[in-house]
Amino acid sequence: MPIHRRSLLAGLLLAGIRPDRVLARAAAEAGSILGASGESTAQARGRIRLLSVGDPVYLNDLLATGERARLSAQLGDATRLLLGARTRVRIDKFLIDRGGRLVLERGAIMFDRAHDRPSGELSVTTPFGLIAARGTRFFAGPSWGKFGVYVEDGVVDVATRGGTVRLTPGFGTELTGMQAAPAAPAPWSPLRISEARSVVVGPRNTFGGGDMSPLGGGSTPPSGGGGAAPLGGGTSLNHTSGGSHPKP
């Protein structure tokens, strides 16, 4: 490290300023951390930062949660992103009120944006397929032994090389790989919805409960009659992989 850079970092430390924050500000700020449980980090340009409530997150940050960790971030003015344990997601692009692009490398996320706020399209690239959404609330991650996507509010397109399906509130799909077509949209049971929620907020709902309410003060459509059951009703049995399950 050049002498002048060592002197700068030493001066920052003496002044009580975290050098990682100063260096990170060279990137565009995308949002901040709303809630954190367990150890979570952000990685960019070879540097790793431990995350806590109030810390900023930046474009190109790779957010990662540890074992049993949960993380909640606010992106822009009206978007919340929740990460379950052992999740890695990169903020590839995010423009306030104009959509963005995330890369989900592993794990589970919940995306929550008020449907009554202006927004561009958000895309999420996963190892199983591409998710395209606008002004919506959806879950994406492991569910009953497969990769599942469930929509509570808004409209989401899920595409692989094998085909595309459109999800409306109350419906989900399953993905097994990039080459295979997504499963036909089908309603998810309250049990499966509850388990999807437990993946991102914990089996006992000990983290992020406030983050799960719909943004903008809107109401969640009731379950039954074609409406979407809220992500979180019922008791979780924490079946997220393997074994046998009731029909979705």
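Here, each number is a calculation from the coordinates, and none is a lab measurement. On a predicted model such as this, the values are computed, not experimentally measured, just so you know. Virtual Cβ from ideal backbone geometry, glycine too; neighbours counted across all protein chains shown.
Remarks
- Highest mean packing first, where packing is the average number of other Cβ atoms within 10 Å per residue, the peptides 46-53, 168-175 line up as 168-175, 46-53.
- With a cut-off of 10 Å between beta carbons, the residues surrounding Gln43 carry a summed charge of +4, where Lys and Arg count +1 and Asp and Glu -1.
- The modelled label-to-label distance between Ala132 and Ile48, using points 7 Å beyond Cα along the C-beta direction, is 3.6 nm.
- Burial ranking of peptide ranges 101-107, 69-75, 194-200 (average Cβ count within 10 Å, highest at the top): 194-200, 69-75, 101-107
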